[in-house]
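**Q** Have a look at this one before I ask anything.
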Amino acid sequence: MEAIVHFLEDVVHFAAQIGITLTEMAGIAILLITVAKAIVGYFRKSEHLRLDLAEGIALALEFKLGGEVLRTVIVREWTELLILGAIIALRGALTLLIHWEISVEEKREKAMLEEHQKD
């Protein structure tokens, strides 16, 4: 029976590692694509550059945050859990800050559009 429990723990650990790697890779890919699009948008003088960049960064951070949440499954010690909790809190705060910036930027763009339509 103990061998079965150990085997199941290994399966969960392996599945969590794969999930962590895939979500972190997705976050990195999203961030790289967003930065590339932002560079192209900068040279094309895109009006929505800041908004698009902020939304891409927020999405990438959410994937990275998902990877950290998955990492809680395989943490073995309290010190690792505290460090992980601090990382999750920081990434969560960054995500909230970026979402706030997105809403401010959307309001600014909406006001500029309304002002432009009045002219």
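**Q** Net charge within 15 Å of residue 38 by Cβ-Cβ distance, Lys/Arg positive one each and Asp/Glu negative one each, not counting residue 38 itself?
**A** Values: positive: 37, 44, 45, 50; negative: 47, 52, 55, 101, 105.
The answer is -1.
**Q** May I ask you to list the residues of the range 37-74 whose amide nitrogen lies under 19 Å from a point 7 Å from Cα along the Cα→beta-carbon direction of residue 106?
**A** 47-63
**Q** Using DSSP to define loop residues, name the trypsin sites (Lys or Arg not before Pro) in the range 1-59 whose beta-carbon has at most 12 other beta-carbon atoms within 10 Å. Before the final figure, lay out each step's value.
**A** Details: sites: 37, 44, 45, 50; in loops: 44, 45.
Qualifying residues, ordered by number: 44, 45.
**Q** Over the range 49-119, what is the relative contact order in whole percent, taking alpha-carbon pairs under 8 Å and six or more residues apart? Present the calculation step by step, with values, prior to reporting the outcome.
**A** Working: 29 pairs, mean separation 34.4, N = 71.
Relative contact order, the range 49-119: 49 percent.
**Q** Give the share of C-alpha pairs in each 5 angstrom bin for the range 52-119, from 0 to the last occupied bin, in whole percents, shortest bins first.
**A** Each 5 Å bin holds this share of Cα pairs: 3, 16, 19, 16, 11, 10, 8, 5, 4, 3, 2, 1, 0.
**Q** Using a 1.4 angstrom probe, figure out how much accessible area the chain has per residue, in square angstrom, rounded to the nearest whole. Don't skip to the answer; put the middle values down first.
**A** Details: 9030 Å² over 119 residues.
With all protein chains present, the chain gives 76 Å² per residue.
**Q** Here's a follow-up. To check my understanding: the extent here is largest minus smallest coordinate of the Cα atoms along each principal axis. What are those three numbers for the range 1-41, in Å, largest first?
**A** Result, largest extent first: 59, 5, 5 Å.
**Q** Taking R0 as 22 Å, what FRET efficiency do you get between residue 97 and residue 25 from their Cβ-Cβ distance, rounded to the nearest 0.05? Walk me through the intermediate numbers first.
**A** Values: r = 24 Å, r/R0 = 1.10.
With R0 = 22 Å, the Cβ-Cβ based efficiency is 0.35.
**Q** Can I ask one more? Taking the chain as a Gaussian network, where each spring joins two C-alpha atoms under 10 Å apart, which residue of 69, 11, 104 fluctuates the most?
**A** Of the options given, 11 has the highest mean-square fluctuation.
**Q** Over 16 Å, how big is the tail of the calculated P(r) for the range 42-83, in percent of all Cα pairs? Before the final figure, lay out each step's value.
**A** Details: 477 of 861 pairs.
Considering the range 42-83, 55 percent of its Cα-Cα pairs are separated by more than 16 Å.
**Q** Can you tell me the alpha carbon radius of gyration of the chain divided by the globular rule-of-thumb value 2.2 N^0.38 Å?
**A** Details: Rg = 20.1 Å, N = 119, 2.2 N^0.38 = 13.5 Å.
Dividing the Cα radius of gyration by 2.2 N^0.38 Å gives 1.48.
**Q** For the chain, calculate the relative contact order in percent as a whole number, restricting contacts to Cα pairs under 8 Å that are 6 or more residues apart. Mind dumping the intermediate values first?
**A** On the way: 77 pairs, mean separation 35.5, N = 119.
After rounding, I find 30 percent.
**Q** Follow-up. Could you work out the local net charge near residue 106, counting Lys and Arg as +1, Asp and Glu as -1, over the other residues with Cβ closer than 12 Å to its Cβ?
**A** On the way: positive: 50, 107, 108, 110; negative: 52, 55, 101, 105, 109.
Local charge sum for residue 106: -1.
**Q** Sticking with this one: Please enumerate, by chain and number, the lysines with C-alpha under 29 Å from the C-alpha of residue 110, excluding those fewer than 8 residues away in the same chain.
**A** 37, 45, 118
**Q** Return the single residue from 18, 30, 98 with maximal mean-square fluctuation; model: Gaussian network over the chain, springs between Cα atoms under 10 Å.
**A** Maximum fluctuation in the GNM of the chain, among the listed residues, is at 18.
**Q** For residue 79 and residue 46, compute 0.36 nm times the residue count separating them, minus their Cα-Cα distance, and round to one decimal in nm.
**A** Numbers: separation 33, 0.36 × 33 = 11.88 nm, distance 4.57 nm.
Between residue 79 and residue 46, full extension yields 7.3 nm more.
The values are calculated or read from the model by the stated rules, or taken from the named source; none is laboratory data. Note that the structure is predicted; figures quoted are calculated from it, not measured. Glycine also receives a Cβ, built like all others from the backbone with ideal geometry; neighbour counts cover every protein chain displayed. Protein only, heavy atoms only, side chains kept; ligands, DNA and RNA dropped before computing areas. Shrake-Rupley method; radii C 1.70, N 1.55, O 1.52, S 1.80 Å.
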